[in-house]
Amino acid sequence: MRFIVQRDPGIASLPRRVGAGAIDVVVIGGGMLGAGIAIAVLGERRRDGEPLGWMGRLQQSDIWSRPTFAAAVSSLELTARNWRTPGMRIAGIRLADANTLGPVSLGSASAKLLVRMESERIVRALGQPARARAESRRLAANDEIERMRASRPDGDPAELMRDAVEVRRRLGASTCTWMLPRVLVHEAIERLPALWSSRRQTLTQRLAGTVVIDDP
């Protein structure tokens with residue numbers, strides 16, 4: 001069996017798809033990171049009793065509850081099923097229906113959404129023991145740091161910060177390395193089938209009936 005089969009004409013190559021993904025990580029991931037920082041800053045302002053702008057009021061609203069947020073993301077994913085990301089536009093590719101090579105149907109987008117939600121549920125269940133151990137380490141570190149700060153009320157803030165970092169490092173609460181094996185396994189199951197597919201379909205794309213094609 002060949003490691004990588006010949007791809008069909010018109011099907012987007014793996015390098016172009018990887019390039020598009022890398023661009024999206026920078027563009028979309030950077031935007032999400034900036035939004036996360038803004039929300040964290042607004043949270044600090046709220047604790048300090050300072051007045052909040054419209055983003056602060058948005059943060060306090062009920063839309064951040066998990067069910068509501070998940071429903072909003074799912075609706076957006078279905079509505080924007082034929083939207084090309086910045087990376088896809090730059091790389092000249094798009095997602096299409098596997099049979100017609102036309103726009104992605106609502107049924108295919110719904111199938112993709114169901115596959116994603118189910119895979120995330122399975123991954124969360126498999127990662128629960130590691131997540132519980134990480135949470136235990138985090139709580140232990142927080143407890144030790146609180147005791148340290150209480151015992152040194154007049155301590156130098158910079159020194160207290162360095163000691164807190166050392167406590168987290170010593171207790172293994174400073175990294176999220178427990179997530180790495182879970183992510184690697186999930187990505188391998190999802191993406192490796194594309195190597196043996198002449199249409200370069202990932203597992204989700206096969207189940208949803210979609211394909212990535214060239215679209216200069």
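The values are calculated or read from the model by the stated rules, or taken from the named source; none is laboratory data. Remember, it's a predicted structure, so these values are computed and weren't measured experimentally. For neighbour counting, all protein chains shown are included, and Cβ atoms are generated from backbone atoms with ideal geometry for every residue, glycine included.
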Check your understanding: Among the residues of the range 90-107, is there at least one that is under 27 Å from residue 182 (Cβ atoms), in contact with a Ser or Thr (Cβ under 9 Å, 6 or more places away or on another chain), of a type in the set (Val, Ile, Thr) and touching a residue at least 60 places away in the same chain (Cβ under 8 Å)?
Key -> no
message: Just to be sure before I move on: is residue 201 over 23 Å from residue 126 (Cβ atoms) and crowded, with 16+ Cβ neighbours inside 10 Å in the structure I sent?
response: yes
**Asked** For the range 162-179, does any single residue satisfy the condition of being part of a helix (DSSP H, G or I) and in contact (Cβ under 8 Å) with a residue 40 or more places away in the chain?
**Response** yes
Every listed condition ((1) modelled with pLDDT under 75; (2) under 18 Å from the mean Cα position of the chain (by Cα)) holds for residue 44 save (2)
Test result for residue 160, among the hydrophobic types (A, V, I, L, M, F, W, C) and modelled with pLDDT of 90 or more:
no
Return yes when residue 110 is more than 30 Å from residue 6 (Cβ to Cβ), at pLDDT 90 or above and of a type in the set (S, T, N, Q) and no when it is not.
yes
Within the range 151-197, residues being surrounded by 11 or more Cβ atoms within 10 Å (Cβ to Cβ) and polar (S, T, N, Q) number 3
Those residues of the range 131-159 which are in contact with a helix residue (DSSP H, G or I) (Cβ under 7 Å, 6 or more places away or on another chain) and small (Gly, Ala, Ser) amount to 141
Reported set for the range 99-137 where residues are of a type in the set (Ser, Thr, Tyr) and within 18 Å of residue 189 (Cβ to Cβ) is 119
When the range 180-216 is checked residue by residue, the ones that are polar (S, T, N, Q) and either in a helix (DSSP H, G or I) or out of contact with any Ser or Thr (no Cβ under 6 Å at 6 or more places or on another chain) (or both) are 197, 198, 201, 202, 204, 205
